[in-house]
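Visitor: Sending over a structure as structure tokens; questions will come in a sec.
The values are calculated or read from the model by the stated rules, or taken from the named source; none is laboratory data. All figures in this text were calculated on a predicted structure; none of them were measured in a lab. Note that we place each Cβ from the backbone using ideal geometry, even for glycine, and neighbour counts take in every protein chain shown. We work out accessible area using only protein heavy atoms, side chains counted, and drop any ligands, DNA or RNA first. Shrake-Rupley method; radii C 1.70, N 1.55, O 1.52, S 1.80 Å.
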Amino acid sequence: MGCPVQPWTPCRCPTGSPTHCKEPHRHVYPERNPDPALRSWVSSAQAEGADFTLQNLPFAAFRRQGSDEAYRGGVAIGDQIVDLAAVAQAGIFSGLAAEAVQAGAREQLNALMAMGQPAWSALRLALSRPLREGAAEQAALQACLVAQADAEYTVPARIGDYTDFYTSVYHATNIGAQFRPDNPLLPNYKWIPIGYHGRASCMNVSGTDFRRPQGQTRPPEGSHTPGFGPSQRLDIELELGIFIGSGNAQGEPIAMADAEQHVFGLCRLNDWSARDIQPWEYQPLGPLLSKNFATTISPWIVTLEALAHYRTAFTRPADDPQPLPYLDSPQLWTEGAVDVQLEVLLQTPQMRDQGVPAESLIQTNYRHAYWTIAQMVAHHTVNGCNLQSGDLFGSGTLSGPTLDQAGALIELTTGGKHPVTLANGESRTWLLDGDSIVLRGWCQKAGAARIGFGECEATILPARQG
Ligand code: CA
């Protein structure tokens, strides 16, 4: 079999052509991952630090703020949204891109996701061309723009199932060390991408505030009766969300080589956690109420195609177990990981009252993950489990190698022992009512266009009384 035509990773063979190449590796279509020098007539796409460049084109579901319009798919460019329903109505695309934009015009993106990678790619290319400076179709597309400032968003897909993984070995080690200082990592960790089934109904789009959860906690010292009340140990989990595009039939595993074709894209994800509810409830079946009161995702989904220039080698220390064959592939070792810079910011009520912007608490990078996106997909399906369009994976808390790169307060404060001091003198061990958390993510390097994820934000409201 010749080279599979999978356009989101670079071809390193001498022919550089999908039609002539016989090597088992992949190709970038230059037009679909346009030259970083290409500019859009939407001038804000070129602004310093712009997340939504011409090379990004992420997807969301949106409508005009405060309106009773139907939600529909949109694609970000600069500070604007290309309204996919308006593009579909205008009838300016043909072929596969026309079918894809019809699917993208629906209230959520599942139909577009189900069409598969060639359709997503065709739609991105069809949108990219008329958005470029000098494009003849500028006027037609200009009529389809809605300002992001005027928009509101919804969860971009109907999420059938949510699976949360645990792919940062640094997070697993930091957490394990708090319970088993001599043996922090359990023996399965380096063999299996650990995960558990979460709950999709509590998935919120960025900007949706939520109440502090209440629940049972461990019996206090000297008592046999558990505590009950609002969580006093509310925490964040800095994660990436991974949206499944095309699914698989039950009983038909997805191989590593095909895994990324099934992935629609990535978003930012904050898997809020109640650290005092969790230890009392999680044995023997795992967390339940400590995790399922709210999870926040960014509205924008960045495709893997847009991230092609930020793929990087997967590494595995020589002394560690090497991946079993079903978790291994040649592409894994050349470009299995993704170089995404990640940040968490906190704004307290006092900062908000004084007009002080959110303060950066954590900076880390997705490339530190122990298990990759393809490995999560291959592992999840190896038993025959069927994934469906719109299913969401959480990467798990993405802590980096040093403690200041830890992706949760439980690590930053060493289990609550060492509060974090903020620039204004306030401190936090766990989150307090009124605190806002903002997650950001972006890719940036010389010779490639910046690719940003936008923001994933929510504010904690007081617990329900009684
Ligand atoms: Ca999690």
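Visitor: Among the candidates 112, 127, single out the residue that is surrounded by 18 or more Cβ atoms within 10 Å (Cβ to Cβ) and either out of contact with any Gly (no Cβ under 7 Å at 6 or more places or on another chain) or of a type in the set (D, E, K, R) (or both).
Guide: Just one listed residue meets the conditions, 127.
Visitor: Does the stretch 198-210 contain any residue that is modelled with pLDDT of 95 or more, open to solvent by 30 Å² or more (accessible area, probe 1.4 Å), within 19 Å of residue 278 (Cβ to Cβ) and within 16 Å of the ligand (Cβ to nearest atom)?
Guide: Yes, the stretch 198-210 contains a residue that is modelled with pLDDT of 95 or more, open to solvent by 30 Å² or more (accessible area, probe 1.4 Å), within 19 Å of residue 278 (Cβ to Cβ) and within 16 Å of the ligand (Cβ to nearest atom).
Visitor: For residue 307, state whether it is surrounded by fewer than 20 Cβ atoms within 10 Å (Cβ to Cβ) and among the aliphatic types (A, V, I, L, M).
Guide: Criteria not met by residue 307.
Visitor: Yes or no: residue 38 at pLDDT 95 or above, part of a loop (DSSP other than H, G, I, E, B) and closer than 18 Å to residue 123 by Cβ?
Guide: no
Visitor: Working carefully through the options 241, 245, find the one that is away from the ligand (no atom under 16 Å from the Cβ) and not polar (S, T, N, Q).
Guide: The match here is 245.
Visitor: In addition: Looking at the stretch 288-298, can you tell me whether even one residue there is crowded, with 21+ Cβ neighbours inside 10 Å, polar (S, T, N, Q), within 14 Å of the ligand (Cβ to nearest atom) and without any contact (Cβ under 8 Å) to a residue 24 or more places away in the chain?
Guide: Looking for residues that are crowded, with 21+ Cβ neighbours inside 10 Å, polar (S, T, N, Q), within 14 Å of the ligand (Cβ to nearest atom) and without any contact (Cβ under 8 Å) to a residue 24 or more places away in the chain, one finds none in the stretch 288-298, hence no.
Visitor: Can you tell me how many residues within the stretch 406-421 are open to solvent by 10 Å² or more (accessible area, probe 1.4 Å) and either closer than 23 Å to residue 351 by Cα or within 16 Å of the ligand (Cβ to nearest atom) (or both)?
Guide: 7
Residue-wise test of (1) over 21 Å from residue 365 (Cα atoms); (2) in a strand (DSSP E or B).
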{"position": "172", "(1), (2)": "no, no"}
{"position": "175", "(1), (2)": "no, no"}
{"position": "183", "(1), (2)": "yes, no"}
{"position": "188", "(1), (2)": "yes, no"}
{"position": "201", "(1), (2)": "yes, no"}
{"position": "208", "(1), (2)": "yes, no"}
{"position": "216", "(1), (2)": "yes, yes"}
{"position": "219", "(1), (2)": "yes, no"}
{"position": "225", "(1), (2)": "yes, no"}
